[in-house]
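Trainee: If you scroll down you'll find the structure; I have some questions about it.
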Amino acid sequence: MNHKREPAAIAFGEFVALMASMQSLVALSIDAMLPALTEIGQELGAKAVNDSQLIVTILFLGLAFGQGIYGPLSDTTGRKPAVYLGFSLFLAGCCLSLFATDLTVMLCGRFLQGLGLAGPRCVIVAIVRDQYEGPAMARVMSFVMTIFIFVPAIAPTLGQGILLLAHWRTIFAALLGCGLLTLTWFALRLPETLAVEHRIPFSLGRIYRAIREVCSHRVSLGYTISLGLITSAFLGYLSSAQLIFQKQYELGTMFPLYFAILALCIGGASFVNGRLVGRFGMHHLTRWSKRISTVISILFFLYVLSVGGHPPLWAMMGYMMTILFCFGIMYGNLNALAMEPLGHIAGVGSAVMGALSTLIAVPCGILIGHSFNGTVIPVISGFAVSGVLITLVMHWVESKAETPEAEGNAN
């Protein structure tokens, strides 16, 4: 069976690179900030050390609300106008953050950035789904993630380098420039992927019915919840990473190096998944990654408790490398599994999926991040609890849902 619906107007490699670049703006907007969080918080009047973490998590809140806009819009007007709107809001948010004079204005700018980034982040999934489905879509998303993940690997280093040479506001100027370049590439090179005859007139009733369909479909809902649980644990780690590595482990300016190593584990896993998914299947790879990550998280949590929340750096790195590799395997597959039944409502389907998973992740991630107490106990407990909950949710999904994907190859 050929899973490709119609040939892309640009080469496959450029298509993947463009999708990854648009997706990477999210990672760049988050991770380039990490070395500067303490400095930004101090200059803008943060009342507590953990308050600076809101500079990261508030962007995710904007992402959650924004995705409810762009999916239906992209089904009505086409994919490109929705992306143009998102980029416009993102660039406005960059300007607001660039000239922020207090933490409240900064958080407003970050929320606006997230609201804008929801456009490309949401519509990318619909663009890929317009042309691919099943394992082929999972393969494309995995290669997108492979390129995308190199940005988190280098973004803190870029941020640290900017801090050594200039003021932290220069980071936002750099984001502004990257947004303009990516927007120009997208506008000039990618044709519209949603044909006029496939567009659906805007209707609140249609949106309501689509939301009801997504939320009542066991497969889509279950895998979307699983995505939210994975993201919540990752967001808790992400918002605490600077404090863990620079404060608890006293790594100072070496923090970007350790962060990059962990980010590359996710990228490596996504690349491996892109090579293996056609052979072993999405369900099989996701199931084993879930099992491994959950068991290891529970065991490591017990170990962390026994050492008072201060495991050796080598043990912490070994654990995080394993967990993030498993997450890299699961992320692309869960996206594809959740979208598999939603091809006929790809735009609003991806919007609901993204919004719901992010709304699950943000409060949980904020809770984990604000629980930081000078130890890694909050972060590791977040991974352990999310692993158990994902296991329960996926068991609920797989106990009733039939998996049309032929996984006999895995046996």
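The values are calculated or read from the model by the stated rules, or taken from the named source; none is laboratory data. For clarity, every value in this text was computed on a predicted model and none was experimentally measured. Note that we place each Cβ from the backbone using ideal geometry, even for glycine, and neighbour counts take in every protein chain shown. Keep in mind that these areas ignore ligands, DNA and RNA; they rest on the heavy atoms of the full protein, side chains included. Shrake-Rupley method; radii C 1.70, N 1.55, O 1.52, S 1.80 Å.
Trainee: Add -39500 (n - 2.57) for each DSSP H run of 4 or more in the chain, then divide by its residues: what number comes out at 222 nm, to the nearest 500 deg cm²/dmol?
Mentor: Values: 15 runs with 317 residues, N = 411.
Helices in the chain give a 222 nm mean residue ellipticity of -27000 deg cm²/dmol.
Trainee: What is the stretch 88-174 by shape, rounded, prolate or oblate, if you read a ≥ b ≥ c off the alpha carbon gyration tensor as root eigenvalues and call it rounded for a/c under 1.5, prolate for a/b larger than b/c, and oblate otherwise?
Mentor: Verdict is oblate for the stretch 88-174.
Trainee: With every protein chain present, what accessible area does residue 290 have (1.4 Å probe, heavy atoms only), rounded to the nearest 10 Å²?
Mentor: 20
Trainee: Next up: Cβ neighbours within 10 Å, averaged per peptide: list 260-266, 127-133, 199-205 in order, most packed at the top.
Mentor: 127-133, 260-266, 199-205
Trainee: What is the distance in Å between the Cα centres of the stretch 85-141 and the stretch 284-315?
Mentor: First find each Cα centre; the distance between them is then 32 Å.
Trainee: On average, how much accessible surface per residue is there in the stretch 148-250, in Å², for a 1.4 Å probe, leaving out ligands, DNA and RNA? Each step should come with its number before you reach the end.
Mentor: On the way: 4670 Å² over 103 residues.
Each residue of the stretch 148-250 exposes 45 Å² on average to a 1.4 Å probe.
Trainee: Using only C-alpha positions, report the orientation-averaged shadow area of the convex hull of the chain, nm², one decimal. Provide the component values of the computation, followed by the final result.
Mentor: On the way: hull surface 74.8 nm².
Result: a mean projected hull area of 18.7 nm².
Trainee: Taking a ≥ b ≥ c as the square roots of the eigenvalues of the Cα gyration tensor of the stretch 302-393, is the shape rounded (a/c under 1.5), prolate (a/b larger than b/c) or oblate?
Mentor: Because a/c hits 1.5 or more and a/b exceeds b/c, the stretch 302-393 counts as prolate.
Trainee: Another question about this same structure. Note down the net charge around residue 106, summing +1 for each Lys or Arg and -1 for each Asp or Glu among other residues with Cβ under 14 Å from its Cβ. If you can, show how the numbers build up before the last one.
Mentor: Working: positive: 47, 110, 169; negative: 39, 43, 51, 102.
The answer is -1.
Trainee: Run the quick spin-label model on residue 398 and residue 302: label points 7 Å from Cα toward the beta carbon, then report their separation in nm to one decimal.
Mentor: It is 2.3 nm.
Trainee: Now, a different point. Where does each of 106-113, 389-396, 183-190, 279-286 land if you order them by average Cβ count within 10 Å, highest first?
Mentor: Listed from highest to lowest mean packing, they are 106-113, 279-286, 389-396, 183-190.
Trainee: Can I ask one more? Taking a ≥ b ≥ c as the square roots of the Cα gyration tensor eigenvalues, with a/c under 1.5 meaning rounded and otherwise prolate when a/b beats b/c, else oblate, which class fits the stretch 162-248?
Mentor: oblate
Trainee: Go ahead and set up a Gaussian network model of the chain, Cα springs under 10 Å, then flag whichever of 292, 154, 380 fluctuates most.
Mentor: Between 292, 154, 380, it is 292 that shows the largest mean-square fluctuation.
Trainee: Using the alpha-carbon centroid of each, what span in Å lies between the stretch 259-273 and the stretch 187-210?
Mentor: Centre-to-centre distance over Cα atoms comes out at 33 Å.
Trainee: Could you please state, rounded to a whole Å, how far the C-alpha centre of the stretch 29-53 is from the C-alpha centre of the stretch 221-255?
Mentor: One Cα centre to the other: 15 Å.
Trainee: With a sphere of radius 15 Å drawn around the Cβ of residue 45, what net charge do the other residues whose Cβ falls strictly inside it have (Lys, Arg +1; Asp, Glu -1)?
Mentor: -3
Trainee: With equal scatterers on the alpha carbons only and no solvent term, can you work out the Debye log10 of I(q)/I(0) for the stretch 39-126 at 0.10, 0.22, 0.23 1/Å?
Mentor: -0.27, -0.90, -0.96
Trainee: Also: Could you grab the relative contact order for the chain? Cα pairs under 8 Å, six or more apart, rounded to a whole percent. If you can, show how the numbers build up before the last one.
Mentor: Details: 703 pairs, mean separation 110.1, N = 411.
Relative contact order, the chain: 27 percent.
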